[in-house]
Amino acid sequence: MTSKSANTREERDSLGAVAVPADRYWGAQTERARGNFPMGTDRMPPVFVRALGLHKLAAAKTNAANGDLDSKLADLIFRAAQEVADGRLEAHFPLPVWQSGSGTQFNMNANEVIANRANELAGAPLGAKAPVHPNDHVNMAQSSNDSIPTVMNLSALLCWQDQGQAQLDGLIGETMACATRFAGLVKVGRTHLQDAVPMTLGQEFAAFADQLKAAAASLHHALDALHEIPQGGTAVGTGLNAPANFGAAYADTLAGLTGIGFKSAANRFSKIAGHQDLFAVSAALSGLATVLFKYANDVRLLGSGPRAGLGELILPKNEPGSSIMAGKVNPSQCESLAMICVRIFGNHDTVTQAAAGGHFQMNAYKPVIAYSLLQSMILLGEGMASFTDRCLKGLEADRARLADNVARSLMVATALVPRIGYDKTAEIVLKADKEGLTLRDAALASGALSESDYDTWVDPRAMAEGR
């Protein structure tokens with residue numbers, strides 16, 4: 001790490017000299033982390049880096065307003081932190097998810113990048129640590145232990161705001177449009193994968209919409225708790241080395257920068273030691289995924305066939321489905337969304353174990369919690385958007401198949417139970433099934449009712465309307 005070449009510069013930290021790539025803004029601690037954590041290729045998504053930039057910007061503004069940070073240094077930090085927040089310096093954040101459980105390396109990566117870029121703006125060479133120092137100035141009144149939890153909350157809120165909320169709203173809206181479009185189409189209901197009493201296809205999609213709305217409400221409630229942040233608690237929650245007003249002033253500053261209603265946590269110890277709020281968001285995302293998993297698979301089953309399956313829905317033909325069976329088209333959007341849901345279930349299991357794994361005054365699983373949560377949000381947002389655009393918007397009902405299934409269903413006999421009793425009705429159903437008769441023919445052959453009675457009592461549309 002200490003050998004210098006034409007392509008490197010020397011930077012120093014408390015452990016000594018380190019050779020850093022000459023064209024990179026990170027410093028010695030980030031470079032050490034690059035060597036010490038070579039595991040995997042997983043990187044935090046850009047929204048996390050953006051949140052780091054916003055966090056450092058808010059901290060510098062707070063320190064400047066308190067009179068603790070020189071105005072000239074503050075201005076340099078403002079400019080450099082804004083570049084990080086704008087996504088202009090993403091290439092200078094190289095560290096993997098699998099590192100220190102506090103996320104200290106992420107925090108120092110931001111401190112070093114912002115300090116080096118600020119010094120470059122001031123005309124100083126990279127690595128000079130002057131006039132802006134990564135710890136003394138960029139990290140002023142902060143610890144990784146309160147900064148990373150704050151960035152975790154911020155990045156989750158930004159991620160859902162930018163990559164999930166509109167997609168979920170669009171999916172709910174298109175599902176409700178399907179419910180309206182299919183409102184008058186009577187079909188066979190199914191319980192236990194067996195024929196049940198009639199309903200409408202519109203009612204089936206209205207149920208999907210209602211389940212999605214309930215999942216959305218749970219998620220919104222969980223996200224609201226992320227507005228409470230521990231910044232100002234520093235290392236363990238006491239606020240050592242930070243002004244007494246720092247947490248509240250920082251929260252107000254961050255709220256002004258983002259338009260999100262942040263407030264200082266009532267108990268900063270709690271927010272550093274554990275991540276129940278993020279766990280609750282992960283649980284809500286998993287809850288949404290359970291609805292989406294059923295939705296995608298039900299649409300896939302309803303579109304199965306087209307000749308030898310249920311075939312009640314006609315799915316859009318997006319791409320050829322087989323390299324050998326010419327003309328075959330698969331329900332690929334349903335499958336894609338279902339696989340995303342399975343990943344979300346796994347991510348929530350990861351978050352569950354990580355959130356439960358904290359010890360004493362700090363949870364040391366912060367990076368994997370953040371990574372899993374953000375991946376879930378991004379995948380769900382992209383999956384919902386694709387399912388809406390490439391499946392639901394082109395979805396059609398096979399009206400003839402729906403009507404034929406209703407005509408052949410034996411469960412419409414349920415309408416006879418109040419008229420002729422359960423046992424007699426069951427006898428008619430079993431006779432029709434055994435002898436291959438229509439329900440109408442079996443009912444008339446039983447002598448239990450007349451043609452006019454049957455035609456009056458057995459009305460699938462009325463049954464679907466609860467009459």
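Only the coordinates and a few stated rules stand behind these numbers; no lab work does. Please read all numbers here as calculations on a predicted model, not as lab measurements. Note that we place each Cβ from the backbone using ideal geometry, even for glycine, and neighbour counts take in every protein chain shown.
Where Rh denotes the Kirkwood radius from the mean inverse Cα pair distance, what is Rg over Rh for segment 172-286?
Result: Rg/Rh = 1.29.
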**Report entry** Gain in span if fully extended, M325 to R88, counting 0.36 nm per residue against the direct Cα distance
**Finding:** 80.6 nm
**Report entry** Sites K294 and S450 - FRET efficiency at Förster radius 41 Å, r taken between beta-carbons, to 0.05
**Finding:** 0.45
Query - Kirkwood-based Rg to Rh ratio, segment 410-464, C-alpha trace - result: 0.92
Query raised in the report: How high is the FRET efficiency between L437 and H221 when r is their beta carbon distance and R₀ equals 60 Å, given to the nearest 0.05?
Result: 0.65
**Report entry** Helix-only CD estimate at 222 nm, as mean residue ellipticity for the chain, using -39500 (n - 2.57) per DSSP H run (n ≥ 4)
**Finding:** -18500 deg cm²/dmol
Query raised in the report: What is the dipole size for segment 152-400, taken about its Cα centre, with +1 at each Lys and Arg Cβ and -1 at each Asp and Glu Cβ, in debye to the nearest 20?
Result: 260 debye
Query raised in the report: Once both labels are modelled 7 Å past Cα along the beta-carbon direction, what's the R408-L240 spacing in nm?
Result: 7.6 nm
Report summary line: Stretched fully, the stretch from L193 through A308 gains (0.36 nm per residue minus C-alpha distance, one decimal, in nm) 39.8 nm
Report summary line: Label model pair N7, R399: point-to-point distance (7 angstrom along the Cα→beta-carbon line) in nm is 6.8 nm
Query - Charge dipole magnitude, Cβ of K and R +1, D and E -1 - the chain, Cα centre, debye nearest 20 - result: 560 debye
Requested in this report: Using only the Cα atoms of segment 152-400, construct the convex hull and provide its projected area averaged over every direction, in square nanometres to one decimal.
Outcome: 16.0 nm²
Query raised in the report: So how far apart, in nm, are the two label points at D210 and E427 if each is 7 Å from Cα heading toward Cβ?
Result: 3.7 nm
